[in-house]
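Student: Dropping the structure in here first, questions after.
The values are calculated or read from the model by the stated rules, or taken from the named source; none is laboratory data. Source: prediction; values computed, not measured. Cβ placement follows ideal geometry from the backbone for every residue including glycine, while neighbour counts extend to all protein chains displayed. When the accessible area is computed, the model is the full protein with side chains, heavy atoms only, and any ligands, DNA or RNA have been set aside. Shrake-Rupley method; radii C 1.70, N 1.55, O 1.52, S 1.80 Å.
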Amino acid sequence: LGMLAEMGDLNRFASVKQLISYAGLAPSVQQSGDKSRTGRLPKHCNKHLRYWAVICAQATVRSKHPSRAKEVYLRVKSRHGANAAKIAAAREIVKDVYYAHRRLHQSSTEAA
């Protein structure tokens with residue numbers, strides 16, 4: 001519920017990428033000529049939403065139930081470590097919430 005409260009009206013985001021960026025879960029990118037480097041998470045974001053997304057990711061990873069976020073966590077953890085894996089799992093959870101909201105919104109408008 002905390003995540004949904006911080007997201008507000010999801011219709012203001014044209015894509016899930018915009019929501020992920022708003023939540024501060026997309027790494028910053030520095031480019032110069034042919035070189036491109038991904039860096040840290042941005043400082044300017046909705047910090048409360050990022051907090052709730054990471055808390056949800058931690059709870060999902062500890063759960064015994066399988067989920068896409070847990071699969072992403074385990075895959076990324078083996079290559080990049082636990083902290084990067086938590087952010088990747090949080091990104092998956094935000095995606096799931098966005099697409100679930102869109103499905104719910106589309107089905108309610110079709111019923112009307």
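Student: Listed residues ALA14, ALA89, ALA69, ALA57; which is touching a helix residue (DSSP H, G or I) at 6+ places or on another chain (Cβ under 9 Å), among the small types (Gly, Ala, Ser) and under 25 Å from GLN106 (Cβ atoms)?
Tutor: ALA69
Student: Here is a further query. From the list LYS95, LYS70, which one is out of contact with any strand residue (DSSP E or B) (no Cβ under 8 Å at 6 or more places or on another chain) and without any contact (Cβ under 8 Å) to a residue 40 or more places away in the chain?
Tutor: After ruling out the rest, the residue left standing is LYS70.
Student: Scan the stretch 73-92 for residues that are closer than 23 Å to LEU1 by Cβ and without any contact (Cβ under 8 Å) to a residue 12 or more places away in the chain and jot them down.
Tutor: Listed by number, the list is empty, since nothing qualifies.
Student: Next up: Take the residues in the stretch 88-112 that are among the aliphatic types (A, V, I, L, M), assigned to a helix (DSSP H, G or I) and open to solvent by 30 Å² or more (accessible area, probe 1.4 Å); name whichever of them is farthest from TRP52 (Cα to Cα).
Tutor: Going through the qualifying residues, I end up with ALA111.
Student: Tell me, yes or no, whether the stretch 40-62 has at least one residue that is touching a residue at least 60 places away in the same chain (Cβ under 8 Å) and hydrophobic (A, V, I, L, M, F, W, C).
Tutor: Looking for residues that are touching a residue at least 60 places away in the same chain (Cβ under 8 Å) and hydrophobic (A, V, I, L, M, F, W, C), one finds none in the stretch 40-62, hence no.
Student: Does LEU4 fit the bill of being in contact (Cβ under 8 Å) with a residue 24 or more places away in the chain and hydrophobic (A, V, I, L, M, F, W, C)? Outline the logic, then answer.
Tutor: Working: in contact (Cβ under 8 Å) with a residue 24 or more places away in the chain: yes; hydrophobic (A, V, I, L, M, F, W, C): yes.
Yes.
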